[in-house]
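K.L.:
Dropping a structure here in structure tokens format, bear with me for questions.
The values are calculated or read from the model by the stated rules, or taken from the named source; none is laboratory data. None of the values given here were measured: they were computed from a predicted structure. Ideal geometry is used to build each Cβ from the backbone, glycine not excepted, and the neighbour counts take in all protein chains shown.
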Amino acid sequence: MRLTTLRLQNFRNHAESFFEFGNNANLILGENGQGKTNILEAISYLCLTKSFYASSDAVVLRLGTEFFEQEGTFVSESGNENKVRVAYDKQQTQKAYFINKKSVEPFSTVIGKFPVVICSPEHNPITSGGPEERRRFADFVISQASSVYLKSLMEYRRVIKQRNKILLDARIGNMNPSGLLESWDEQLLQHGATLTHRRKLFVDGFKNILHSSYHELVGSEEEPQIEYSPFAESFSSEDDCRRLLKTLLVQNRKEELRVGSTLIGPHRDEFVFTVNGLDLRKYGSQGQHKTFLVGLKLGEFFYLKNLCNETPLLLLDDIFSELDERRSKRLLDFVGTISQTFITSTSVKWFEPFVEFNHTNRKFFIKNGSVVPEEEVIVA
Amino acid sequence: MYTAESIEQLVEEFSSLPGIGRKSAHRLAMHILKLPKPDVVKIAEALVNVKERINYCNICWNFTEENPCRICSNHNRNRSLICVVEDPNDVIAIEKTHEYKGLYHVLGDALSPLDGIGPEDLKIKELLHRIEGSVQEIILAMNASIEGEATTIYLSRLLKPLGMKITRLARGIPVGSDLEFTDEATLARALQSRTEV
């Protein structure tokens, strides 16, 4: 899939901007705060109906204006053209999403139609942050492939909340909640086993994808690995997993009542990332963290590509500043050939030696929310 | 405040209703103001009447103007069958099918610790009290939510030892719908509980 045109109106600092993108690499260049990332953000609106980091639609509205709009043309591999428009009205605090002038609701039906993989500094916590960041990454990728997983995940989260409330009430009120707890245990076991089993299958398959993506960046000198460590060491099937979870739940009942929350289950899982056998979180350098993150994101890209029968767009926000020249070059050589890629950077110097600019590889210079000719921008 | 105090008060009352925000409340208040007085009295009377005349049935806890309700006092219905539901809307839904001839029991809600709803807040004691007689089967017809599921499990554990047949509604594909448009979670559930033909 390709995004051939993009028009922004009153979006962040863009009053009115228009782009015709190349089929391979699209470099978006400019100094800090000029509006480069905003363009990736607008693409995110078209693909996912929302920003990949803004907390609400109101904050991306250009100051002093009443509405914003993005419009883009997607061309699928089979040549089908889809015009997508997102419009937000400040007065009604309402957003609408259109495909070929037809309003689409609910927004969740859009997910997966225009697949996109985004790698930005917002995602750094996946490798450096707490376990919940890695669970969120895995859940996000698996959910795109399986709505059954997503549904199970949402129900599981609610069961945990309800169950924790019982445990907490019991601790405060000093009472025995066993009859009540058991009413929720059944669902905890059912969804808990489904999630754990599917996460295990996902990691088993994702390992190889990560491996090959990582090697594209660094060659074979570093060995990346992803290990899933759920509550049980090993299990052979979903039923087996459920049995183990049940045993542990019974064993931990006293402790759960003492602390007032659910201690066993996939909401406490960890995914451990290692490079050459060393825990990335403890021993990884900045550059290794970034490389691993890009490896994960490329893994996500190939995983999605296999499932969607449509090549996702790749949005790379400011990722070259932390990679060395060799890794940058390998990444650039690679991404341009696998997908239409959108890259933001403060400097063109990274790219000029490797990228030949023509109608498939394009560069755009952004200054103060507008696209300007190269001469107007002083690029170091 | 730009309006009179009585208007503000009416807006306040309307906006305390479910699904009504301040803007809608204001619109309703303005509408009331424009209506002829007899029409407004009619609305007010209807509000008071519903509160005065409608009670809970002492047997099944459904809404009723008579006590016991028309379903509970109807001797043509199968009195050995009780269908347990969450709220009165569910009774209406099942009655519309004209396929069920047993009695009902309305719990009032489903278990939800987060909302502070425990077993003592549902009409469970009343259910246990009712079934001491000749009841042969209890159908648990809760909503397909995690709260409904927890309520089903809670009740089935409570009722099983009493000896009557405990059943629950089947889950699967809506009648008359295409497989391709059925959501994946429902389809997956229907696959799990497939039946032999």
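K.L.:
Identify all residues within the stretch A:330-349 that are at pLDDT 85 or above and polar (S, T, N, Q); write none if there are none.
P.N.:
Of everything in the stretch A:330-349, those that are at pLDDT 85 or above and polar (S, T, N, Q) turn out to be A:339, A:340, A:341, A:344, A:345, A:346.
K.L.:
Now a separate question. If residue A:159 satisfies every condition in (1) surrounded by fewer than 19 Cβ atoms within 10 Å (Cβ to Cβ); (2) within 14 Å of chain B (Cβ to nearest Cβ); (3) in a helix (DSSP H, G or I); (4) of a type outside the set (Phe, Trp, Tyr) but one, which is the exception?
P.N.:
The number of the failed condition is (1).
K.L.:
Look through the stretch B:51-80, keep the residues that are touching a residue at least 12 places away in the same chain (Cβ under 8 Å) and among the aliphatic types (A, V, I, L, M), and return whichever of them is farthest from residue B:130 (Cα to Cα).
P.N.:
For the stretch B:51-80, the residue satisfying everything is B:71.
K.L.:
For the stretch A:269-316, enumerate the residues that are in contact with a Pro (Cβ under 7 Å, 6 or more places away or on another chain), crowded, with 19+ Cβ neighbours inside 10 Å and closer than 24 Å to residue A:76 by Cα.
P.N.:
Answer for the stretch A:269-316, where residues must be in contact with a Pro (Cβ under 7 Å, 6 or more places away or on another chain), crowded, with 19+ Cβ neighbours inside 10 Å and closer than 24 Å to residue A:76 by Cα: A:301, A:304, A:312.
K.L.:
Restricting to the stretch A:237-278, count the residues that are part of a strand (DSSP E or B) and either within 28 Å of residue B:114 (Cα to Cα) or of a type in the set (A, V, I, L, M) (or both). Step through it out loud before you land on a result.
P.N.:
Step one: filter the stretch A:237-278 for residues part of a strand (DSSP E or B), giving A:270-275, A:278.
Imposing the further condition that a residue be either within 28 Å of residue B:114 (Cα to Cα) or of a type in the set (A, V, I, L, M) (or both) reduces the set to A:270, A:272, A:275, A:278.
Total meeting the criteria: 4.
K.L.:
If you don't mind, another one. Right, residue A:188: within 14 Å of chain B (Cβ to nearest Cβ), in contact with a Phe, Trp or Tyr (Cβ under 8 Å, 6 or more places away or on another chain) and modelled with pLDDT of 95 or more or not?
P.N.:
On the way: within 14 Å of chain B (Cβ to nearest Cβ): yes; in contact with a Phe, Trp or Tyr (Cβ under 8 Å, 6 or more places away or on another chain): yes; modelled with pLDDT of 95 or more: yes.
Against the criterion (within 14 Å of chain B (Cβ to nearest Cβ), in contact with a Phe, Trp or Tyr (Cβ under 8 Å, 6 or more places away or on another chain) and modelled with pLDDT of 95 or more), residue A:188 qualifies.
K.L.:
Still on this structure: At least 1 residues that are among the basic types (Lys, Arg) and within 14 Å of chain A (Cβ to nearest Cβ) in each: list the strands (runs of 3 or more DSSP E) lying fully within the stretch B:83-197 that qualify.
P.N.:
Details: elements: B:103-106, B:137-140, B:165-168.
Filter on the stretch B:83-197 gives B:165-168.
K.L.:
Hey, another quick one. Starting from residues that are part of a helix (DSSP H, G or I) and more than 10 Å from chain B (Cβ to nearest Cβ), keep the ones in the stretch A:171-180 and report whichever is farthest from residue A:139 (Cα to Cα). Steps first, answer last, please.
P.N.:
Going residue by residue through the stretch A:171-180, those that are part of a helix (DSSP H, G or I) are A:171-173, A:178-180.
Subset that is more than 10 Å from chain B (Cβ to nearest Cβ): A:171-173, A:178.
On the way: A:171: 31, A:172: 33, A:173: 35, A:178: 31 Å.
Only one residue fits best here, namely A:173.
K.L.:
Right, something else. Select, from B:168, B:157, the only residue that is surrounded by 12 or more Cβ atoms within 10 Å (Cβ to Cβ), within 22 Å of residue A:184 (Cα to Cα) and without any contact (Cβ under 8 Å) to a residue 24 or more places away in the chain.
P.N.:
Numbers: B:168 fails: without any contact (Cβ under 8 Å) to a residue 24 or more places away in the chain.
It is B:157.
K.L.:
How many residues are in contact with a strand residue (DSSP E or B) (Cβ under 6 Å, 6 or more places away or on another chain) and part of a strand (DSSP E or B) when one looks only at the stretch A:9-53?
P.N.:
Qualifying residue count for the region: 14.
K.L.:
Could you tell me whether the stretch A:93-115 includes any residue that is part of a loop (DSSP other than H, G, I, E, B), within 20 Å of residue A:9 (Cβ to Cβ) and within 13 Å of chain B (Cβ to nearest Cβ)?
P.N.:
Looking through the stretch A:93-115, at least one residue is part of a loop (DSSP other than H, G, I, E, B), within 20 Å of residue A:9 (Cβ to Cβ) and within 13 Å of chain B (Cβ to nearest Cβ).
K.L.:
Please go through the stretch A:126-147 and pick out each residue that is without any contact (Cβ under 8 Å) to a residue 24 or more places away in the chain and within 14 Å of another protein chain (Cβ to nearest Cβ).
P.N.:
A:143, A:147
K.L.:
Moving to a separate point now. Quick check on the stretch A:112-136: of everything there that is surrounded by fewer than 19 Cβ atoms within 10 Å (Cβ to Cβ) and under 12 Å from the mean Cα position of the chain (by Cα), which residue is farthest from residue A:156 (Cα to Cα)?
P.N.:
Applying the filter and picking the extreme gives A:121.
K.L.:
Any chance the stretch A:139-149 includes a residue that's among the hydroxyl-bearing types (Ser, Thr, Tyr), assigned to a loop (DSSP other than H, G, I, E, B) and closer than 30 Å to residue B:189 by Cα?
P.N.:
So in the stretch A:139-149, the residues among the hydroxyl-bearing types (Ser, Thr, Tyr) come out as A:143, A:146-147, A:149.
Next, only the ones that are assigned to a loop (DSSP other than H, G, I, E, B) stay: A:146.
Then drop every residue that is not closer than 30 Å to residue B:189 by Cα, which leaves A:146.
There is at least one residue in the stretch A:139-149 that is among the hydroxyl-bearing types (Ser, Thr, Tyr), assigned to a loop (DSSP other than H, G, I, E, B) and closer than 30 Å to residue B:189 by Cα.
K.L.:
Of these, A:182, A:221, A:238, A:216, which one is surrounded by fewer than 19 Cβ atoms within 10 Å (Cβ to Cβ), under 30 Å from residue A:333 (Cβ atoms) and more than 24 Å from the chain's Cα centre (by Cα)? Explain how you work it out, then say what you get.
P.N.:
Numbers: A:182 fails: under 30 Å from residue A:333 (Cβ atoms); A:238 fails: under 30 Å from residue A:333 (Cβ atoms); A:216 fails: more than 24 Å from the chain's Cα centre (by Cα).
That would be A:221, the only listed residue that is surrounded by fewer than 19 Cβ atoms within 10 Å (Cβ to Cβ), under 30 Å from residue A:333 (Cβ atoms) and more than 24 Å from the chain's Cα centre (by Cα).
K.L.:
Could you list all residues from the stretch B:96-128 that are surrounded by 13 or more Cβ atoms within 10 Å (Cβ to Cβ), free of Cβ contacts under 8 Å to residues at least 24 places away in the same chain and over 25 Å from residue A:179 (Cα atoms)?
P.N.:
Within the stretch B:96-128, B:100 is the sole residue that qualifies.
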